[in-house]
1. Which of the residues belonging to region 144-180 are in contact with a strand residue (DSSP E or B) (Cβ under 6 Å, 6 or more places away or on another chain), part of a loop (DSSP other than H, G, I, E, B), without any contact (Cβ under 8 Å) to a residue 60 or more places away in the chain and within 28 Å of Val62 (Cα to Cα)?
2. Mind checking which residues of region 52-80 are without any contact (Cβ under 8 Å) to a residue 60 or more places away in the chain, open to solvent by 90 Å² or more (accessible area, probe 1.4 Å) and part of a helix (DSSP H, G or I)?
3. Quick check: anything in region 116-132 touching a Cys at 6+ places or on another chain (Cβ under 7 Å) and either more than 30 Å from Ser16 (Cβ to Cβ) or surrounded by 13 or more Cβ atoms within 10 Å (Cβ to Cβ) (or both)?
4. Hey, can you tell me all the residues within region 81-106 that are more than 25 Å from Ile69 (Cβ to Cβ), of a type outside the set (Val, Ile, Thr) and either assigned to a strand (DSSP E or B) or touching a residue at least 12 places away in the same chain (Cβ under 8 Å) (or both)?
5. Cβ-Cβ under 7 Å, sequence separation 6+ or interchain: first residue in region 7-19 and part of a helix (DSSP H, G or I), partner open to solvent by 100 Å² or more (accessible area, probe 1.4 Å). Which pairs?
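The values are calculated or read from the model by the stated rules, or taken from the named source; none is laboratory data. Values in this document were obtained by computation on a predicted structure and should not be read as measured data. Neighbour counts run over all protein chains shown; Cβ positions are idealised from the backbone, glycine included. Side chains are part of the model used for accessible areas, which takes the heavy atoms of the whole protein and leaves out ligands, DNA and RNA. Shrake-Rupley method; radii C 1.70, N 1.55, O 1.52, S 1.80 Å.
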Amino acid sequence: YLLDDLHQARLGNLHSPRKAACDVLRDHRERMAAAIDFKGLTGESQRWLYDEFLPLLKRLSVGPPKERIAQWIALSQAGILHADVGPGVRCEHIPNGVILRNDRWPEFAVLADVLLDARLPVDGPGDDPLLERLCDSGVARYFQNSDYSSRGLDVDRKLNLIGGDGRPVPTVWALGVATEGARFYTFFLPRPYAR
């Protein structure tokens, strides 16, 4: 898959129909954000968006640059990098590293010197001690839209935090992944013409 993806990326969006289609999805994120930001959807629709649609969208329109994919392939082929050992992964810490096993194939195991958890939570930064303290102290609150809630902070249109009392905090702002939920698609890197 990575070899094919690298080949398609090297063709570029002018010569690869697949990459051109992915660019269409990427190019519409700003319009989608304009409709979704600040409770533009019902809670039920927002839950569907984050649980069902976004994981697929991210697989199709977001990813590392082709140079990083080439590095990943080289490291994998050299036996240095192993990724995704299957569903239900369990980590067993040992003195010189970690043994990774999964529930489906317990006889398969990978010994790793270093374990990097490179997953991004879809609906906010996840468990973060700083954000938890901000919310516990009432300076901030997590985003809530009807029955949908995220692990991102609630902000108003000026990006001021919304405090535990429901009022904006005029001297504190948040942006990026920390506001996922109130804002849509905060995971992407800055690029030309993006707000």
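1. Matches in region 144-180: Asp154, Leu159, Ala174.
2. Glu52, Leu56, Arg59, Glu67, Arg68, Gln71, Gln77
3. Taking region 116-132 as the starting set, the residues that turn out to be touching a Cys at 6+ places or on another chain (Cβ under 7 Å) are none.
No, region 116-132 contains no residue that is touching a Cys at 6+ places or on another chain (Cβ under 7 Å) and either more than 30 Å from Ser16 (Cβ to Cβ) or surrounded by 13 or more Cβ atoms within 10 Å (Cβ to Cβ) (or both).
4. From region 81-106, those more than 25 Å from Ile69 (Cβ to Cβ) are 88, 90-97, 99, 101, 103-106; that's our starting set.
Subsequent filtering for residues that are of a type outside the set (Val, Ile, Thr) retains 88, 90-93, 95-97, 101, 103-106.
Within region 81-106, Gly88, Arg90, Cys91, Glu92, His93, Asn96, Gly97, Arg101, Asp103, Arg104, Trp105 meet the criteria.
5. Within 7 Å, the pairs are Gln8/Arg18.
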